[in-house]
Amino acid sequence: MPEPIHAVSPLATDIPAGLDVDSIVATVRESGVSAPADEEAGLSAAVARAEDHGIDLSIVIVPTEPRHDSQLRDLATAVGAREGGTVLVLSPGQVGSFSDSISRVTLEAGQDRTYTGNHVVAADNFVDTLVEDQTPWGLLTGGLVVVVAAVATLTAAVKVRRYRSRSESKDHAHSEPVSD
């Protein structure tokens, strides 16, 4: 059996070939978008809409398909590490994202809505997911715990009452006077 590989530090990121992260970060720093000119206006509108909801969003368009979709996540992470906030990276058929404030679950739910073939529509769908009311899992879990505790308490009280009732009826049967 081969020995497992133990990494002392995280493995290097794998950015799609031909991309200059420094150039992308510079462009994103200026406008929030790194994309072809014909898509900038629509993508900038999505960035502005996210900003209206308190989300610092940057959008990067990669013109060609990477070898692996994880490369887009790595690119989003590289941009986010320098700029902070939330980063959406779209290629013609894949997506990657990073955020320092939004949960991975929410990001992935947003990513699921980006496979449209149109980057502007994809970005709008992503923003829709980020700004819509999220399921309050903590509140639901707390409510469920309270309900389970109440049912357990009620069940215990009914069992104690039954036990006492049986004990009293047995004691009453044994305490009847014996006639001569």
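Given charges of +1 on the Cβ of Lys and Arg and -1 on the Cβ of Asp and Glu, with all other atoms neutral, how large is the dipole of the chain about its Cα centre, in debye to the nearest 20?
On the way: 13 positive and 26 negative charges, 250 e Å.
Dipole magnitude for the chain comes out near 1200 debye.
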**Request:** Using Cα pairs closer than 8 Å and at least 6 residues apart in sequence, work out the relative contact order for the chain, in percent.
**Result:** 16 percent
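At 1.4 Å probe radius, can you tell me the per residue accessible area of the chain in Å²? Each step should come with its number before you reach the end.
Working: 11930 Å² over 180 residues.
On a per-residue basis, 66 Å².
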**Request:** Please determine, in degrees from 0 to 90 and to the nearest 10, the orientation of helix 37-52 with respect to the longest principal axis defined by the Cα atoms of the chain, where the helix direction is its Cα long axis.
**Result:** 30 degrees
**Item:** Net charge of neighbours whose Cβ lies under 13 Å from the Cβ of residue 19, counting Lys and Arg as +1 and Asp and Glu as -1
**Value:** -4
**Asked** Which of these, 105, 160, 145, has the largest mean-square fluctuation under a Gaussian network model of the chain (Cα springs below 10 Å)?
**Response** 160
**Request:** For residue 140 paired with residue 159, estimate the spin-label separation in nm (one decimal), with each label point 7 Å from Cα along the Cα-to-Cβ line.
**Result:** 3.0 nm
**Request:** Grab the beta carbon distance between residue 21 and residue 133, set R0 = 25 Å, and tell me the FRET efficiency rounded to 0.05.
**Result:** 0.15
**Prompt:** In 5 Å bins starting at 0, how do the alpha-carbon pair distances of the chain split up by percent?
**Reply:** 1, 7, 13, 15, 13, 8, 6, 5, 5, 4, 3, 3, 3, 3, 3, 2, 2, 2, 1, 1, 0, 0, 0
**Message:** Rounded to the nearest percent, how much of the accessible area of the chain (1.4 Å probe, protein heavy atoms only) is carbon and sulfur?
**Reply:** 56 percent
**Item:** Angle in degrees between helix 21-31 and the longest Cα principal axis of the chain, rounded to the nearest 10
**Value:** 80 degrees
**Fill in**
Taking Cα atoms, the helix 119-131 axis meets the longest principal axis of the chain at an angle in degrees (rounded to 10) of 30 degrees
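By the gyration tensor of its Cα atoms, with a ≥ b ≥ c the square roots of the eigenvalues, what is the shape of the range 98-159: rounded for a/c under 1.5, prolate for a/b over b/c, or oblate? Write out the running numbers ahead of the final one.
Numbers: a/c = 5.16, a/b = 3.92, b/c = 1.32.
Taking the square roots of the gyration eigenvalues as a ≥ b ≥ c, the range 98-159 is prolate.
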**Asked** Expressed as a rounded percentage, what relative contact order does the range 65-131 have, with Cα pairs under 8 Å and six or more residues apart?
**Response** 25 percent
**Message:** Nearest 500 deg cm²/dmol is fine: what mean residue ellipticity at 222 nm does the chain get from its DSSP H runs of n ≥ 4 alone, each adding -39,500 (n - 2.57), divided by its residue count?
**Reply:** -19000 deg cm²/dmol
**Farthest toward positive dipole pole in the chain [+1 Lys/Arg, -1 Asp/Glu at C-beta], among 33, 21, 76** = 76
**DSSP-defined beta bridges in the chain - what % are antiparallel, rounded to 5** = 40 percent
**Asked** Out of 104, 161, 82, any idea which swings most in a Gaussian network model of the chain, alpha carbons joined below 10 Å?
**Response** 161
**Request:** Would you mind telling me which residue in 45, 149, 81 has the biggest mean-square fluctuation in a Gaussian network model of the chain, where springs connect alpha carbons within a distance under 10 angstrom?
**Result:** 149
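The values are calculated or read from the model by the stated rules, or taken from the named source; none is laboratory data. Model, not experiment: these values are computed from the prediction. Here the Cβ is made from the backbone with ideal geometry for all residues, glycine too, and neighbour counts use every protein chain on show. Heavy atoms of the whole protein, side chains included, go into the accessibility calculation; ligands, DNA and RNA do not. Shrake-Rupley method; radii C 1.70, N 1.55, O 1.52, S 1.80 Å.
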